[in-house]
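The values are calculated or read from the model by the stated rules, or taken from the named source; none is laboratory data. Everything numeric in this text was worked out from a predicted model, so none of it was measured. Because the Cβ atoms are built from the backbone with ideal geometry, glycine has one as well, and the counts that use them run over all protein chains shown.
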Amino acid sequence: MKYYLLLSMSLILGGVHGRESMEYEEATAPLTPQKVSHRNTIVLGNGQFHDMWVSIGRPKSGYRSEDNFRKLLPAYKGIDKLHNDLFYFDQIKLFEGESKESFWSYVNSPTSKGGLSQRPSMKDSKKKWPQILEEFKSNPPEKLFTEGRFSEMSAAEKYDFLLGPQSFLFTREVEYSDSVFRTYGAIAYWAGICHGTAPASFLFPEPKNGVVVKGHDGRSIPFSTNDIKRLSAHAWAENNYDIAFIGGRCRSDELGSREPDCLDTNPATLHLALLNYIGLHGKTLIMDNAYDSDVWNRPIMGFSYKYVHPKTKVRSRLLKHALVKRSDYPDDPHKWNRRIGTHYIVEVHMKVKLLFGDEGDQGSGAKGYDIHYKYDLEIDQKGRIVGGEWITQYHPDFLWMVYEGSSPETSEDLSINENLWSGKTPLSSNVRRLGQQAAKKGNVLEHIVRSLLELSK
């Protein structure tokens, strides 16, 4: 599930270069680190809405200056060198890699069911938004709270009752879903906060147990592990932090769209990002795994690949058995699109393992699923990867990662000088006041989320 993750304005306004006008050395040129405010990259609820996964055509790939694996480097500490020499990777036999992170399977908060306001009864409900809205109206949070029906309450409702009657997080979440419905007449099945669940699933510890804490009036409020997961994801989705980002946000479902942001991510970018960050260093990347208007942010848990000879289609782990000279490949279907400097071509079959969401209420660990990409790589005489073309219809749209050491703090969090909350007494008046201010903007305090995570251990 997700909202839309976009490029910063500097990338949106950047020029688009034709493939043949770019010097191939650009792929190896160092880039100046550029921080991106995550808050500025989120656009809520816009785009095309449809009920079924659309068929995807295969556009010819581009390889633009912003589509460069090196642009992710600022997010990671301790990496002082990146490689784009395919001969080097072949020499060290780097054919697979795994992230060193500990993942937990997250839960979804679909906009079609009220986002963070989704109640447990709505998980498998087939009701459309108007019916869900009526359910909210007939059973308002105050009624559920007064009657002690905590098991029927959403994470947003419980959070509001931690802060007191002046908190409006639940109301804001419901109003947002309703505004999307009234604007477009429908809510996309995929709309949600996967740009929050993705980083939360490995940058926050997994909640292991449900907790019971004191609300604003001293009454006990139970938070399930799912509640805590949803609040964690919401913090990463809505609060501020820094990211590194490559690629572009495609907004077209047109078969073979030539829109610039639908031409990335180039196979060279994907291949070099996977091998450098995950393969060599065990880091994690987050990826939108399809180029069309849908966005599915998923952490990459690992990868493996094999070479394939472009002409004979024989698979091999050895590059020398799959490499073909461009001059020896007259039937190359992409010969008019090859990048300047291309001397060799090799086909690659890549398997990428992505984290899968789960609705389990207890600590369920990490579950993954595999997706497969086929592409070829363009290599110069020195063995450097300079570009590539997609063979499969399905290919990633963009890649990103949170800056190491970043956290989803709100401006209100910066004014809190208290230890983590014990949950044995109501929140302090200061934290409640700051939490109410943040809630009116749709934010949850990282201070409260981290407190719940600590208690959940």
Inset, instruction - List the number of the failed condition for residue 368; all other conditions in (1) farther than 19 Å from residue 194 by Cβ; (2) part of a strand (DSSP E or B); (3) of a type in the set (Gly, Ala, Ser) hold. - result: (1)
Legend entry - Checklist (1) out of contact with any Phe, Trp or Tyr (no Cβ under 7 Å at 6 or more places or on another chain); (2) surrounded by 18 or more Cβ atoms within 10 Å (Cβ to Cβ); (3) modelled with pLDDT of 90 or more applied to residue 218, failing item: (2)
Inset, instruction - Starting from residues that are over 17 Å from residue 117 (Cβ atoms) and crowded, with 17+ Cβ neighbours inside 10 Å, keep the ones in the stretch 166-193 and report whichever is modelled with the highest pLDDT. - result: 188
Inset, instruction - Filter the stretch 409-436 down to residues that are surrounded by 19 or more Cβ atoms within 10 Å (Cβ to Cβ) and among the hydroxyl-bearing types (Ser, Thr, Tyr), then give me how many there are. - result: 1
Inset, instruction - Within the stretch 286-306, identify whether any single residue is at pLDDT below 90, among the hydrophobic types (A, V, I, L, M, F, W, C) and crowded, with 22+ Cβ neighbours inside 10 Å, and answer yes or no. - result: yes
Inset, instruction - Scan the stretch 143-155 and give yes if some residue there is assigned to a loop (DSSP other than H, G, I, E, B), in contact (Cβ under 8 Å) with a residue 24 or more places away in the chain, under 24 Å from the mean Cα position of the chain (by Cα) and over 30 Å from residue 398 (Cβ atoms), otherwise no. - result: yes
Inset, instruction - Considering each residue of the stretch 161-209, count those that are in a helix (DSSP H, G or I) and either among the polar types (S, T, N, Q) or free of Cβ contacts under 8 Å to residues at least 24 places away in the same chain (or both), and give that number. - result: 8
Inset, instruction - Taking the residues in the stretch 382-413 that are out of contact with any Phe, Trp or Tyr (no Cβ under 8 Å at 6 or more places or on another chain) and of a type in the set (S, T, N, Q) as candidates, determine which candidate is nearest to residue 298 (Cα to Cα). - result: 393
Inset, instruction - Please tell me if residue 150 is buried (at least 19 other Cβ atoms within 10 Å of the Cβ), among the aromatic types (Phe, Trp, Tyr) and at pLDDT 90 or above. - result: yes
Inset, instruction - Only one of these is within 22 Å of residue 442 (Cβ to Cβ), modelled with pLDDT of 95 or more and buried (at least 23 other Cβ atoms within 10 Å of the Cβ): 163, 86. Name it. - result: 163
Inset, instruction - Take residue 158 and decide whether it is surrounded by fewer than 22 Cβ atoms within 10 Å (Cβ to Cβ) and part of a helix (DSSP H, G or I). - result: no
Inset, instruction - Consider only pairs whose beta carbons are under 9 Å apart and that are at least six residues apart or on different chains; among these, list those whose first residue lies in the stretch 373-388 and is under 17 Å from residue 336 (Cβ atoms) and whose second residue is modelled with pLDDT under 95 and of a type in the set (Lys, Arg). - result: 378/338; 378/339; 386/339; 387/19; 387/338; 387/339; 388/339
Inset, instruction - Could you list all residues from the stretch 115-142 that are over 21 Å from residue 442 (Cβ atoms), in a helix (DSSP H, G or I) and of a type in the set (D, E, K, R)? - result: 134, 135
Inset, instruction - For residue 406, state whether it is hydroxyl-bearing (Ser, Thr, Tyr), surrounded by fewer than 16 Cβ atoms within 10 Å (Cβ to Cβ) and outside any strand (DSSP E or B). - result: no
Legend entry - Residues within the stretch 323-350 that are of a type in the set (Ser, Thr, Tyr) and assigned to a loop (DSSP other than H, G, I, E, B), tallied: 2
Legend entry - Filter result for residue 382 (part of a strand (DSSP E or B) and at pLDDT 90 or above): no
Inset, instruction - Report yes if some residue within the stretch 324-338 is surrounded by fewer than 14 Cβ atoms within 10 Å (Cβ to Cβ), over 18 Å from the mean Cα position of the chain (by Cα) and closer than 25 Å to residue 445 by Cβ; otherwise report no. - result: no
